[in-house]
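This report refers to the structure that appears directly beneath it.
A short reminder: the numbers here are calculations on the coordinates, not readings from a lab. These numbers come from a predicted model, not from an experiment. Cβ coordinates were reconstructed from backbone atoms using ideal geometry, including for glycine residues, and neighbour counts include every protein chain displayed.
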Amino acid sequence: MALSEEAQERLADVVALQPTKNGELEEHWGMDSGSEVHQYLESELKAYYYRDEDSLIRATADAADLVGADTENDGPRTVTVPAFQAQVFAVVADEDDRAESVVSVLHSLRDAHDIDPAPEDVRSALRGLARRGVVDVVQKTVPTFRLAVEREDVVVEPLDE
């Protein structure tokens with residue numbers, strides 16, 4: 001199946017951005033919705049992509065061959081990401097440093113790049129980098145507390161010491 005020039009360029013995007021989501025391709029391709037991306041993938045690139053167990057879009061080996069992607073692993077790994085994700089990658093804590101919160105990364109972005117993105121955008125960028133395996137998500141939970149009964153139903157007395 002011969003691909004148009006546009007389809008080949010978009011297939012190269014899928015190869016470079018994998019694993020990716022409809023929304024990321026929507027933004028990159030200037031489409032109006034994730035549905036439009038899905039329709040394009042199904043009509044033009046069906047033989048060259050699949051969805052993994054997490055429903056992320058991945059290119060087939062044939063797709064990588066077709067667009068001439070270098071799959072050799074000698075030297076640093078190249079990961080293609082949207083510009084904002086690259087800015088986030090530049091400021092996120094190193095692998096040996098303490099993991100940081102979305103807000104901490106947001107402050108680093110403000111300082112380093114003089115931008116003021118929404119926290120949701122920072123979180124999304126970090127998740128995108130995690131999907132590509134270049135950022136670890138360290139699950140830290142801070143306990144929160146609330147009463148289990150109504151306050152007036154309990155009398156709390158301090159213990160005599």
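Label-to-label distance for Ala61 and Thr80 is 2.1 nm, based on points extended 7 Å past Cα in the beta-carbon direction. Karplus-based coupling profile of the stretch 124-136, in residue order and whole Hz: 4, 5, 4, 5, x, 5, 5, 4, 8, x, 10, 9, 8, with θ = phi - 60° in 6.51 cos²θ - 1.76 cosθ + 1.60 and x standing for Gly or Pro. Couplings for the stretch 11-27, taken from phi via the Karplus curve 6.51 cos²θ - 1.76 cosθ + 1.60 with θ = phi - 60°, read 5, 4, 5, 4, 4, 5, 8, 5, x, 9, 10, 3, x, 5, 5, 4, 5 Hz in order; Gly and Pro are left as x.
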